[in-house]
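Read-outs: derived from the displayed coordinates by stated rules, not from any lab. Everything numeric in this text was worked out from a predicted model, so none of it was measured. Neighbour counts are summed over all protein chains in view; Cβ atoms, including those assigned to glycine, are modelled from backbone coordinates with ideal geometry.
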Amino acid sequence: MSRILVLDDEKEIAEVIALYLRNEGYEVELAHTGRQAMEAVEREQPDLALLDVMLPDIDGFRILQKLREKYRFPVIMLTAKTEYTDKVTGLTLGADDYIAKPFNPLELVARVKAQLRRYTKYNENAPQQENIIDFAGLLMNRDTHECTYNERELLLTPIEFDILWLLCKNRGRVISSEQLFEQIWKEKYFKNSNNTVMVHIRHLREKMGDGRRKSDFIKTVWGVGYKIEK
């Protein structure tokens, strides 16, 4: 039996969602604040979370960020907001689906079932965890050399893939051009080697961008190197 966390500060809505989910045989844990939700996650280890964006203590996007630091279970965002930018924000931070209020409870249940099926099937066929990166909309599979960003396939060269992999594995830390060059190219670093690194970083940003502008997923720390935020 799958466990589902429902976070919504409107108790009536939360109770309606819980009723429909329990009728389908799911265990449901209710939370009405961000703090309650994080405590419930630690305690219950849910298989899926439904997160309201507008909360009294902390917005749902921040909760989503915290969850994605440790957990990979599906997250569906619930919100009264319908702006395109809010949807993009949620998906970029690692949400799996997005439902705007008011919604049909039967559609919500169908979305929950679809995400749980997808997650279960993925985990049954998943390669070893150390060969997968799933973070902030980025999914990398080292076994198959596949990479997607915000559900869009990235056609990376082996060098580009290895650079992105190394930065993600060390996210939160600054990696110097010298470290990148010597670990990826397996050669001694010289002054002009920095240009080689810069070109590949630029190509990565272009490929991860939306066609109009480069992505800022990879941050430049001037005079030091590159990093990806936690």
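State whether segment 95-206 is rounded, prolate or oblate according to the following rule on the C-alpha gyration tensor (a ≥ b ≥ c being the square roots of its eigenvalues): a/c under 1.5 gives rounded; otherwise a/b larger than b/c gives prolate, and the remaining case gives oblate. Before the final figure, lay out each step's value.
Working: a/c = 3.36, a/b = 2.38, b/c = 1.41.
Judged from the Cα gyration tensor, segment 95-206 comes out prolate (a/c at least 1.5, a/b above b/c).
State whether segment 1-107 is rounded, prolate or oblate according to the following rule on the C-alpha gyration tensor (a ≥ b ≥ c being the square roots of its eigenvalues): a/c under 1.5 gives rounded; otherwise a/b larger than b/c gives prolate, and the remaining case gives oblate.
In terms of gyration-tensor shape, rounded.
May I ask for the net charge around residue 163, where only other residues with Cβ less than 14 Å from the Cβ of residue 163 are counted and Lys, Arg are +1 while Asp, Glu are -1?
Charge balance in the 14 Å sphere: +4.
Which of the residue pairs 121/207; 207/227; 169/214 have a Cα-Cα distance greater than 19 Å in the structure shown?
Where the Cα-Cα span goes over 19 Å, the pairs concerned are 121/207; 169/214.
Which angle between 0 and 90 degrees, to the nearest 10, do you get for helix 158-169 versus the longest principal axis of the chain when only C-alpha atoms count?
Helix 158-169 sits roughly 60 degrees off the main axis of the chain.
Where the only charges are on Cβ atoms (+1 Lys, Arg; -1 Asp, Glu), what is the dipole of segment 130-227 about its Cα centre, to the nearest 20 debye?
The dipole magnitude comes to about 500 debye.
How far is helix 34-44 tilted, in degrees, relative to the longest principal axis of the Cα atoms in the chain, given as a value from 0 to 90 rounded to the nearest 10?
90 degrees
Determine the shape class of the chain: with a ≥ b ≥ c the square roots of the Cα gyration tensor eigenvalues, call it rounded for a/c under 1.5, and otherwise prolate if a/b is greater than b/c, oblate otherwise.
Prolate, since a/c reaches 1.5 and a/b exceeds b/c.
How many angstrom lie between the Cα centre of segment 200-230 and the Cα centre of segment 16-62?
Here the answer is 34 Å between Cα centres.
Dipole of the chain, Cα-centred, from +1 at each Lys and Arg C-beta and -1 at each Asp and Glu C-beta, to the nearest 20 debye?
About 940 debye.
With springs only between Cα atoms under 10 Å apart, run a GNM on the chain and tell me which of 113, 191, 11 wobbles the most.
191
Taking the chain as a Gaussian network, Cα atoms linked when under 10 Å apart, which of 197, 16, 112 shows the biggest mean-square fluctuation?
Result: 16 has the largest fluctuation of those listed.
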